[in-house]
Amino acid sequence: MTDDATRALRGIFIDHFGRIRELVQDLTDGLSDAVGAYRPDADANSIDWLVWHLSRVQDDHLAGLAGTEQAWTAKGWSQRFGLPFPPEAHGYGHSSQDVARVRVPAELLDGYHADVHAASLAYAETLTAAELDRIVDTRWDPPVTAAVRLVSLIGDCLQHAGQAAYVRGLARRAGIG
């Protein structure tokens, strides 16, 4: 891969992480506690849980790729959120009751994601052809490369942000303030 191609790919990943950041900022801007905790039914995910989960997954996966500590623990977000889960929890396998336990102010959601975003950009700035081709998970066939992990992560985060935006619209229609 040429240097120009590598720079272009780096730019694409930086752009996508920026889009996720913008969506999280839009979702948390003016988000009341009632709307953040709103669940259209007893088994639905809330905005609070969706934004926390997408941030945790982004933090977990990027730290794993970069070989760094997660912002969740390194910057004290785990203590600030005060959730009743172990620090390594990121929402996979959560029950409906676990989802209900994630009730946090919008400022915490936004602040945590801002730190995750900064770490994501720092890693993206280091991307090379060799790094993108690096095998990061051999449990799959074919094995997962850093590039595939990044594409999967971005898709997951965008889906959850879209789900949260949908829930925000449902809350508005339900008259939740």
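The values are calculated or read from the model by the stated rules, or taken from the named source; none is laboratory data. Given the structure is predicted, the values throughout are model-derived calculations rather than measurements. Because the Cβ atoms are built from the backbone with ideal geometry, glycine has one as well, and the counts that use them run over all protein chains shown. For the accessible areas, the whole protein counts, side chains as well, though only heavy atoms, and no ligand, DNA or RNA atoms are used. Shrake-Rupley method; radii C 1.70, N 1.55, O 1.52, S 1.80 Å.
Figures for the structure shown
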| read-out | value |
| --- | --- |
| Condition met for L23 (over 24 Å from S95 (Cα atoms) and either open to solvent by 70 Å² or more (accessible area, probe 1.4 Å) or out of contact with any strand residue (DSSP E or B) (no Cβ under 8 Å at 6 or more places or on another chain) (or both)) | yes |
| Total residues in the stretch 27-38, condition part of a loop (DSSP other than H, G, I, E, B), closer than 24 Å to D115 by Cα and either at pLDDT below 95 or open to solvent by less than 50 Å² (accessible area, probe 1.4 Å) (or both) | 2 |
| Residue in the stretch 44-54 that is surrounded by fewer than 17 Cβ atoms within 10 Å (Cβ to Cβ) and in contact with a helix residue (DSSP H, G or I) (Cβ under 6 Å, 6 or more places away or on another chain) present | no |
| Residue match in the stretch 149-158 (condition: open to solvent by less than 50 Å² (accessible area, probe 1.4 Å) and in contact with a Lys or Arg (Cβ under 8 Å, 6 or more places away or on another chain)) | no |
| Sole residue being surrounded by fewer than 19 Cβ atoms within 10 Å (Cβ to Cβ), modelled with pLDDT of 95 or more, at negative phi and aliphatic (A, V, I, L, M), chosen from A66, A119, A71 | A66 |
| Conditions (1) among the polar types (S, T, N, Q); (2) under 24 Å from A165 (Cβ atoms); (3) free of Cβ contacts under 8 Å to residues at least 12 places away in the same chain: number failed by S55 | (3) |
| Answer from A122, A66, A74 - the residue that is more than 18 Å from V24 (Cβ to Cβ), of a type in the set (A, V, I, L, M) and touching a residue at least 24 places away in the same chain (Cβ under 8 Å) | A66 |
| Yes/no for D15 being loosely packed, with under 14 Cβ neighbours inside 10 Å and at pLDDT 95 or above | yes |
| Residue in the stretch 11-26 that is assigned to a helix (DSSP H, G or I), β-branched (V, I, T) and free of Cβ contacts under 8 Å to residues at least 12 places away in the same chain present | yes |
| Top-ranked residue of the stretch 125-142 - restricted to ones that are without any contact (Cβ under 8 Å) to a residue 24 or more places away in the chain and closer than 13 Å to A66 by Cβ, ranked as least open to solvent (accessible area, probe 1.4 Å) | E131 |
| The stretch 89-107 residues that are closer than 24 Å to L153 by Cβ and touching a residue at least 24 places away in the same chain (Cβ under 8 Å), paired with ones that are among the hydroxyl-bearing types (S, T, Y) and open to solvent by less than 40 Å² (accessible area, probe 1.4 Å) (beta carbon under 9 Å, 6 or more apart) | H90/S55; V99/S46; V102/S46; V104/Y112; A106/T28; A106/S32 |
